[in-house]
Amino acid sequence: ASVEKTDTAVYCRGHGCVYDIGAACFLNEGIYNMTLTETIYRRKSFRSYSDEQLSAAVLQDIENCIKNAKPLYPQIKFSWKIVGPEDMKCMQSWRAPHYIAMFTEEADGARENLGFVFQQVELYIQSLGFGSCWLGMGKVEADCKADNDKMKLVMMLAFGEFEKDDYRHGTAEF
C-alpha cells in the first residue's frame, strides 16, 4: 500500500483508508511523538506492557480522540468504556493496564463502523508513543457493560506503556 498525504487527509492506497487530519485525532499532530503517516508505517501490535497506569490527562486525551473520531456510518450507534485489567477477562496470557471495550447495536455495517472509528483511536494511541493490541475475544464485568442493553461487546483494544520498543523501524519489517 502507498500513502499519499494532502493538507486535509491521508489516503492509504491498497487498503482504502482515509483519515481526515482536520477532524480526527491528529488535529494537532505536531505536538505528538509521531505524525499520522509515520504512525501508519511504524505501528505494530504490542503484547508486553508495564503495569504503570497512564495519567488522567493522557486518558482524557484518548477519550477526546474517541469523541472526535469520524464514523464510517454515523447513523449506527456505538459506545465504549475504558476499563482496567480487573474489569475484564480474556484468554491472552499477557495483560495491559488499560482496555477500551467497544459496544455497538446490531446493524448492517456495525462492526466495520466500530473498526473504522477505533482504528483512528489506535493510531492516535501509538502516535503518543504507547503500545496497543486488538482483542477479538474478551468479556467485561457486569458493571462495565454498555449503558444500552441492545448494544453488544464486539471487541477490545489493549493499550498502555510498553516494556520493549517494538515499533517497525523500516519497510523490511513488514
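Whole-Hz Karplus values for region 59-65 come out as 4, 5, 4, 5, 4, 5, 4 Hz, taken residue by residue from phi with 6.51 cos²θ - 1.76 cosθ + 1.60 and θ = phi - 60°; glycine and proline positions read x. The modelled label-to-label distance between Asn68 and Asp108, using points 7 Å beyond Cα along the C-beta direction, is 3.4 nm. Per-peptide packing, taken as the mean over residues of other Cβ atoms within 10 Å, places 51-62, 78-89, 100-111 in the sequence 100-111, 78-89, 51-62 from highest down. Taking amide H positions as modeled 1.01 Å from N, with prolines and chain starts lacking one, the residues under 5 Å from Ser48 and 5 or more places away or on another chain are Glu163.
Applied to region 49-55, the Karplus parametrisation 6.51 cos²θ - 1.76 cosθ + 1.60 on θ = phi - 60° returns per-residue 3J(HN,Hα) values of 10, 7, 7, 5, 6, 6, 5 Hz, with x for Gly and Pro.
None of the figures in this text is laboratory data; all of them are computed from the coordinates on show. All values derive from a computational prediction rather than experimental measurement. As a convention, Cβ positions derive from the backbone with ideal geometry for all residues, glycine included, and neighbour counts pool all protein chains shown.
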